[in-house]
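> First the structure, which I've put down as structure tokens, then a few questions once you've had a look.
The values are calculated or read from the model by the stated rules, or taken from the named source; none is laboratory data. Since the structure is predicted, the reported quantities are computational estimates derived from the model, not experimental observations. Cβ placement follows ideal geometry from the backbone for every residue including glycine, while neighbour counts extend to all protein chains displayed. The accessibility values were calculated without ligands, DNA or RNA, using every heavy atom of the protein model including side chains. Shrake-Rupley method; radii C 1.70, N 1.55, O 1.52, S 1.80 Å.
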Amino acid sequence: MPALRTILFLSLFLAAAALPATALAKPQAQSLVDVAPLALHFKDRVISSSPHIARAAISGKWAAYPTKEGTTVSVAISSRYANQLSTQVAQSYVDFLDSLDHGPELSRLRIYIATPDEVVADCGGQGGTLACYDAGTKIMVVPGEETDTGSSGITTSYVVAHEYGHHIAASRSNAPFSAFRFGPKYWASYERVCDQSLNGLLAPGNEQELYLANPGEGWAETYAQLKYPSVAWQFTPLLKPDAGAFAAARRDVLDPWRAGATRVFKGTFTKGGSKIRHFQFKLTLDGRLQVRLSGPRASNYNLSLSSNARSQGRTTSAGSRDSITYEAACRQDPVEHVTVAVKRVRGSGPFTVHVAYAG
């Protein structure tokens, strides 16, 4: 399924202070300061791509700013700020993101620093919209001013960290699931997002009535709490991170999943001998699972699959070229002990079982 171009924007529902009628001078963009939030109450949502962000990409005066790894991040400051060409402000955003756990995806991010009213217009939100991220253009639209921690408890640095969590998800694979909606592979598997979604406990991609059960948001919040772990958890308690969740999230960031694992089992049936052979492997990640049998052409061998003593399927077709495939194998337990059984119905001779799984 082709990835959808999506935009994430954060709504803080802040009361906007009216400007004096005489205030005609352009405001000054401020450097981003690393400030832990005093409280947490905000909501973001996923919508389709925005032409406003595309225009920002065209109109912005983009420049490259260095990271400590020697790469660069493109940043542009809105012309509505008097200090549009301030390298200090632009570098402060890059330095903050560079201080977070990240991988090479940082160099693919583009940051557009805008006034609060521009954020609302570019992100397609309502009053109080604080930031957004377009997964298609990799542009993060963020305010050039610190939020009012006295009224909301939220800081710009916290929101930027949350938004960057979405950028990481958009840069990771959780095949066959969308990492953007389910979260990256290790964290989503640790939290058993697939199984809990099938059971109706989580709602991937739901930005409305089940927002707090959306694992895509739970992932971004977990990532932000790698930086700010003392912040109260506002999402479903099913996704409240513990030490294992934080470890899985950090692995997704620093050593992401790229491909599944394979196993090969071999055996032989002799005339008059055993009629069944068993093989085992451990399943610790959710994803595609395929078991393929290859035996003698004149024989008839069948496959059966079980996991933690639960039957998961069997074959009864003629011949010995059977297979069992799950496009999405969702674990019910942290570790699934999978048993593959090969049963001899007729014939004899060697066989091979090929297993491909997420990990």
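> Enumerate the strands (runs of 3 or more DSSP E) found wholly within the range 1-119, keeping only those where 1 or more residues are at negative phi and modelled with pLDDT under 90.
Because the criterion is at least 1 residues that are at negative phi and modelled with pLDDT under 90, the strands (runs of 3 or more DSSP E) in the range 1-119 that meet it are 6-11, 43-48, 110-114.
> Say whether the condition of being within 18 Å of residue 331 (Cα to Cα), modelled with pLDDT of 90 or more and touching a strand residue (DSSP E or B) at 6+ places or on another chain (Cβ under 8 Å) is met by at least one residue in the range 147-169.
There is no residue in the range 147-169 that is within 18 Å of residue 331 (Cα to Cα), modelled with pLDDT of 90 or more and touching a strand residue (DSSP E or B) at 6+ places or on another chain (Cβ under 8 Å).
> Continuing with the same structure: If residue 102 meets every condition in (1) under 22 Å from residue 170 (Cα atoms); (2) buried (at least 17 other Cβ atoms within 10 Å of the Cβ); (3) touching a strand residue (DSSP E or B) at 6+ places or on another chain (Cβ under 9 Å); (4) touching a residue at least 40 places away in the same chain (Cβ under 8 Å) apart from one, which number is that one?
Looking at each condition in turn, residue 102 falls short on (3).
> Scanning for something farther than 29 Å from residue 288 by Cβ and outside any helix (DSSP H, G or I), does the range 199-222 turn up at least one residue?
Yes, because at least one residue in the range 199-222 is farther than 29 Å from residue 288 by Cβ and outside any helix (DSSP H, G or I).
Per-residue answers, yes or no, for (1) in contact (Cβ under 8 Å) with a residue 24 or more places away in the chain; (2) crowded, with 24+ Cβ neighbours inside 10 Å; (3) not polar (S, T, N, Q):
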site	(1), (2), (3)
165	yes, yes, yes
171	yes, no, no
206	no, no, no
210	no, no, yes
227	yes, no, yes
234	yes, no, no
238	yes, no, yes
245	yes, no, yes
250	yes, no, yes
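> State which residue is least open to solvent (accessible area, probe 1.4 Å) when the search covers only the range 288-299 and only residues that are of a type outside the set (A, V, I, L, M, F, W, C) and touching a Gly at 6+ places or on another chain (Cβ under 6 Å).
Initially, the range 288-299 is screened for residues of a type outside the set (A, V, I, L, M, F, W, C), giving 288, 290, 292, 294-297, 299.
Of the ones still in play, those that are also touching a Gly at 6+ places or on another chain (Cβ under 6 Å) are 296, 299.
Details: 296: 34, 299: 2 Å².
Applying the filter and picking the extreme gives 299.
> Name the residues in the range 306-344 that are surrounded by fewer than 13 Cβ atoms within 10 Å (Cβ to Cβ) and either more than 30 Å from residue 191 (Cα to Cα) or among the β-branched types (Val, Ile, Thr) (or both), would you?
316, 317, 318, 325, 335
> Select from the range 189-228 the residues that are under 16 Å from the mean Cα position of the chain (by Cα) and of a type in the set (Lys, Arg) and list them in ascending order.
Answer for the range 189-228, where residues must be under 16 Å from the mean Cα position of the chain (by Cα) and of a type in the set (Lys, Arg): just 192.
> Filter the range 289-322 for residues that are of a type in the set (Lys, Arg) and more than 40 Å from the chain's Cα centre (by Cα) and give the result.
Residue satisfying the conditions is 297 alone.
> If a residue must be farther than 21 Å from residue 266 by Cβ and in a strand (DSSP E or B), how many such residues does the range 291-349 contain?
10
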